[in-house]
Every structure is written in C-alpha cells, then in structure tokens.
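Readers should treat all values here as calculations from the given coordinates under stated rules, not as data from a laboratory. The structure displayed is predicted, hence computed values, not measured ones. Reconstructed Cβ throughout: ideal geometry from the backbone, glycine too, with neighbour counts over all protein chains shown.
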Amino acid sequence: MMNTPLLHLDSVSKLYKRGGLLGREEFRAVDNVSFHLDDKEPQVFTIIGESGSGKTTLARMILNMVRPTAGTIFFKGQDLASIHGGGARRRFMKEVQPIFQNPFEAFNPLKRVDRYLFMTAKNFTGASSSAQHEAAADAALNKVGLSLGEVRGRFPHELSGGQLQRVAIARALIPGPSMIVADEPVSMVDASLRMSIVNLFRTLRDDLKVSIIYITHDLATAYYVSDRIIIMRKGEVVESGPARTVLENPQHSYSQLLKSAVLSPDPHGHGVLIGDSAASQQARASPHPHVSSSEPQVR
Ligand SMILES: Nc1ncnc2c1ncn2[C@@H]1O[C@H](COP(=O)(O)OP(=O)(O)OP(=O)(O)O)[C@@H](O)[C@H]1O
C-alpha cells in the first residue's frame, strides 16, 4: 500500500478572467497539474519553465495563498481547502514555509532582520523567553552558514542579497518545516553565489529531511540540485521525472529546446553541462547564462 504523500496535487487548475468588459475570456494560468512528493524520502523537486508558465501561481496554491479553480491539493493527506481558522492555518504554516524571490521585498527595510527571526521563534516554537528566541535564531542561522552575531541589529540594506536570502532561509527553518517552497530564490542573488544557496537546499534535504520545492528558470542550478523535475509551459506540465532523465533525454520538443540552451556538445557527442570552463565564466558574467540570442528564452 502506498503511504500518504507529503504533497499531492490532483488535477489542479487556476483560471483567471482576462480582458475588459468586451472580449472577457478565461485564461488558464495553471492547467490540470498533477504530481506528488513522497513522504519517506525528502527531495529537491524542481518546477522549471519560462516566464508566465504558471510557476508562481502553482507555488502560491501549494502555499495555500491562492485557491485552485479546480482540482485538489493535499498536504500530508489534508485537503488545503479544508484549512480554516487561525489554529489550522498556523499548523500548516509551521509545516510549509515559503522563500520568495526578492529578500529585499520580503523584509521591511525599517525593521532589523533579527526581529523577524525572534518573532518567528516566538510564534512557532512555543518558546517564551527572549534567550530561547535568540538561541533558536542562532541555531537556524548556523544551518545556513551565518550566526546571530553577524546579523544582530542589522537592517536589510546592511546585508548583501545572498546574506539576506540566507536569513530568509534561516527564518523559514525556525518552525521546523517538512517542506519549503522557494520561488525563484536565487534570481536576485549574485550569479557567483547562486550555487552556494542551492547547495544549501541539498544540505537541508539531507541533514534536516526537509523537502524543497525549487521554482526556477535557471537550468544550470536546476540540473545540479534537483532530484525530480517538472517542466511547465503555458500552465501545463510538458515533462516530468528524475532530473537526469528529463534533462539528459528530453522527450518533448520544448524540453529539448531547454536542454540545448544549457548543454553544449562535446567532441564525443555527449552533452556537457556548462561547468568549469570558459563557458561557465561567461555564464557567471551574464545574468541569464543559459540564454543566448539563438536559444529559447527561459525566464
Ligand atoms: N492574479 C492574477 N490575475 C490575472 N492573471 C494572473 C494573475 N496571476 C498570474 N496571472 C497570469 O498567469 C500567468 C502565469 O503567471 P505566473 O506568475 O504563475 O507565471 P511564472 O511562470 O511564475 O512567471 P514569472 O517567472 O514571470 O513569475 C501569467 O500570464 C500571468 O499574467
């Protein structure tokens, strides 16, 4: 018998109405998406696709911030639509934590970042003394390679984008979640630091048994970090499966285009991930390393 999945999306769609009074039409931002994450083995599950493919809408539905128009999302067997009231919401938020694209928007510029950590500890760990809140904040910061000493009293603008995104990840860890939904978490981070952030996801998966939903348009980090991948296009899943299989042997023409954008042929006819060579230096210099004018736009 299959055990209850951690997360299960069953034929999930989101429709928006578009246009003015005349010519108003329904637009499918997410179209009949189904997948599940196993409860036993934590994974980095990547949702990849170009701009407008519905990734953020899907993330918001998984976070229970947006209701699907059709279909059902289950977390540990519970239908998200059945979560009502403060207590139930808090229990869900303790289990499923978000990380957003721009840490400078996620933190109020006038508020010291350590306050967010203390508040999260206060709200989610049951600890009541400020010494306990500080200990929880420091422990979470240590998991992302920082310490309370480094961020204490600092305002967001006093940290780099990479540091601030680490603080956001530390904050997300304080409640002890079983899943983190990270929507484009590295696109505002300096290219040279991206790999260190996605590496962190693997550490969290292995050491803390947290499942990560990694939403991105960045093929290089996706290829490197993912256990499983779904590729979205215009709201639909066009391909899914183990990351290596999908990216090494894409079946769908759109996935093949994606592959050609991130892999370059080597003399033996195998694809080579843009890695350590001149190509990667060029990739680091460019905000969209996998995109060149002759290749598909993957944003
Ligand atoms: N609240 C809304 N009302 C109407 N249309 C919306 C709404 N939210 C998203 N959309 C539309 O749904 C489509 C999918 O958007 P979504 O943000 O999910 O895509 P995405 O893959 O995350 O793209 P990006 O990487 O640019 O954020 C887009 O065409 C967008 O304009």
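Label residue 72 and residue 132 with points 7 Å out from Cα along Cα→Cβ: what is the distance between them in nm?
With each label placed 7 Å out from Cα toward Cβ, I get 3.7 nm.
Using 0.36 nm times the number of residues separating residue 234 and residue 154, minus their current alpha carbon distance, what extension gain do you get? Walk me through the numbers on the way to the answer.
Working: separation 80, 0.36 × 80 = 28.80 nm, distance 4.11 nm.
Between residue 234 and residue 154, full extension yields 24.7 nm more.
Would you calculate the separation in nanometres between label points at residue 123 and residue 244, each defined as 7 Å from the Cα along the Cα-to-beta-carbon direction?
In this crude spin-label approximation the distance works out to 4.1 nm.
By the scheme Lys and Arg +1, Asp and Glu -1, what is the net charge of all other residues having a beta-carbon under 15 Å from that of residue 125?
Working: positive: 90, 91, 94, 122, 143, 171; negative: 95, 134, 138.
Charge balance near residue 125 sits at +3.
Among DSSP bridges having both ends in the chain, what percentage is antiparallel? Round to the nearest 5.
Details: 25 of 44 bridges.
Antiparallel: roughly 55 percent of the beta bridges in the chain.
Report, in debye and to the nearest 20, how large the dipole of the chain comes out about its Cα centre when Lys and Arg carry +1 and Asp and Glu carry -1 on their Cβ. Please list the in-between numbers first.
On the way: 34 positive and 29 negative charges, 202 e Å.
The dipole magnitude comes to about 980 debye.
Test of understanding: extend the Cα→C-beta vector of residue 95 to 7 Å, then name every residue of segment 53-87 with backbone N under 14 Å from that spot.
Within reach of a label on residue 95: 62-64, 73-84, 87.
Once both labels are modelled 7 Å past Cα along the beta-carbon direction, what's the residue 81-residue 207 spacing in nm?
So the label points at residue 81 and residue 207 sit 4.1 nm apart.
Suppose R0 equals 25 Å; then what is the FRET efficiency for residue 253 and residue 188 from their Cβ-Cβ distance, rounded to the nearest 0.05? Can you show the working numbers first?
Details: r = 31 Å, r/R0 = 1.23.
Using R0 = 25 Å, I get an efficiency of 0.20.
So which trypsin sites (Lys or Arg not before Pro) in segment 95-184 pass both tests, a DSSP loop state and at most 16 other Cβ atoms within 10 Å of the Cβ? Intermediate values should be presented prior to the final figure.
Values: sites: 111, 112, 115, 122, 143, 152, 154, 166, 171; in loops: 111, 112, 152, 154.
Loop-located and lightly packed - 111, 152, 154.
So how far, in whole Å, is the C-alpha centre of segment 42-110 from the one of segment 162-190?
13 Å
Below 8 Å between Cα atoms, with a sequence gap of 6+, how large is the relative contact order for the chain in percent? Write down the numbers at each step before the final one.
Details: 539 pairs, mean separation 65.4, N = 299.
Worked out over the chain, it gives 22 percent.
Hey, which of these cross-link pairs are over 26 Å Cα-Cα: 209/234; 17/111; 76/111; 209/259; 76/259; 40/143? Let's see the in-between values first.
Numbers: 209/234 32 Å; 17/111 37 Å; 76/111 35 Å; 209/259 30 Å; 76/259 34 Å; 40/143 22 Å.
The pairs that break the limit, which is 26 Å between Cα atoms, are 209/234; 17/111; 76/111; 209/259; 76/259.
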